[in-house]
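Have a look at the structure below before the remarks.
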């Protein structure tokens, strides 16, 4: 359904530069409002990228370095190195949502769905607006044939970021599937 490169793009795996932020950055509130109200694709892409960049910034040079190292390792499919790096991020900064999210993504890529779900739950506890974590949860639930759960996760992601085209396609397919099941089971 998704190739690794598409998944990494969807989940916002990019490197960043600059100022400290994280999920507590007060600018995120305004960015989410802008994201909900824009109808221009270029603008929604820019706002989404800015949200991801703010989520990925941390005011801890050690954690930031480990996060960057982990992202590079994961992008190169060096999963053991990525796991060690993300574990370090979480140990150093357990209240940093993106450390948990990146490790959740790594577990997803490694096929360790239960561990990924555990980290997604922690990500969402720290940043309930994390549309990337919700999208990842939906993907896992699809893989586990939990289509109703996937639909719920995808719909929540779309409330937060209505511009997730791939997630919209999943919702359309899952709704179509449910409609067919309902028609088949109607008396």
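The residues of segment 100-112 that are in a helix (DSSP H, G or I) and either farther than 19 Å from residue 166 by Cβ or in contact with a strand residue (DSSP E or B) (Cβ under 7 Å, 6 or more places away or on another chain) (or both), listed by number, are 100, 102, 103, 106, 107. Of all the criteria given as (1) in contact with a helix residue (DSSP H, G or I) (Cβ under 6 Å, 6 or more places away or on another chain); (2) at pLDDT below 95, the one not satisfied by residue 119 is (2).
Is it true that some residue in segment 75-95 is touching a residue at least 60 places away in the same chain (Cβ under 8 Å) and either in contact with a helix residue (DSSP H, G or I) (Cβ under 6 Å, 6 or more places away or on another chain) or surrounded by 20 or more Cβ atoms within 10 Å (Cβ to Cβ) (or both)?
Step one: list which residues in segment 75-95 are touching a residue at least 60 places away in the same chain (Cβ under 8 Å), which gives 75, 77.
Narrowing the set further to residues that are either in contact with a helix residue (DSSP H, G or I) (Cβ under 6 Å, 6 or more places away or on another chain) or surrounded by 20 or more Cβ atoms within 10 Å (Cβ to Cβ) (or both) leaves none.
So far as segment 75-95 goes, no, none of its residues is touching a residue at least 60 places away in the same chain (Cβ under 8 Å) and either in contact with a helix residue (DSSP H, G or I) (Cβ under 6 Å, 6 or more places away or on another chain) or surrounded by 20 or more Cβ atoms within 10 Å (Cβ to Cβ) (or both).
Yes or no, residue by residue, for (1) in a helix (DSSP H, G or I); (2) within 26 Å of residue 45 (Cβ to Cβ):
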residue: 114; (1), (2): yes, no
residue: 118; (1), (2): yes, no
residue: 133; (1), (2): yes, yes
residue: 139; (1), (2): yes, yes
residue: 149; (1), (2): yes, no
residue: 158; (1), (2): yes, yes
residue: 163; (1), (2): no, yes
residue: 166; (1), (2): yes, yes
residue: 172; (1), (2): yes, yes
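Could you check, for segment 59-75, whether at least one of its residues is farther than 28 Å from residue 171 by Cα and not in a helix (DSSP H, G or I)?
Yes; the residues of segment 59-75 include at least one that is farther than 28 Å from residue 171 by Cα and not in a helix (DSSP H, G or I).
Of the residues making up segment 125-154, those that are buried (at least 20 other Cβ atoms within 10 Å of the Cβ) and without any contact (Cβ under 8 Å) to a residue 40 or more places away in the chain are 131, 133, 134, 137, 138, 140, 141, 150, 151, 153, 154. Scan segment 96-116 for residues that are surrounded by fewer than 22 Cβ atoms within 10 Å (Cβ to Cβ) and more than 15 Å from residue 138 (Cα to Cα) and the total you get is 1. Within segment 20-39, the set of residues being touching a helix residue (DSSP H, G or I) at 6+ places or on another chain (Cβ under 9 Å), outside any loop (DSSP other than H, G, I, E, B) and farther than 16 Å from residue 164 by Cβ comprises 27, 28.
The values are calculated or read from the model by the stated rules, or taken from the named source; none is laboratory data. Small disclaimer: the values here were computed from a predicted structure and weren't measured. Positions of Cβ are generated from backbone atoms using ideal geometry, with glycine treated the same way; all protein chains shown enter the neighbour counts.
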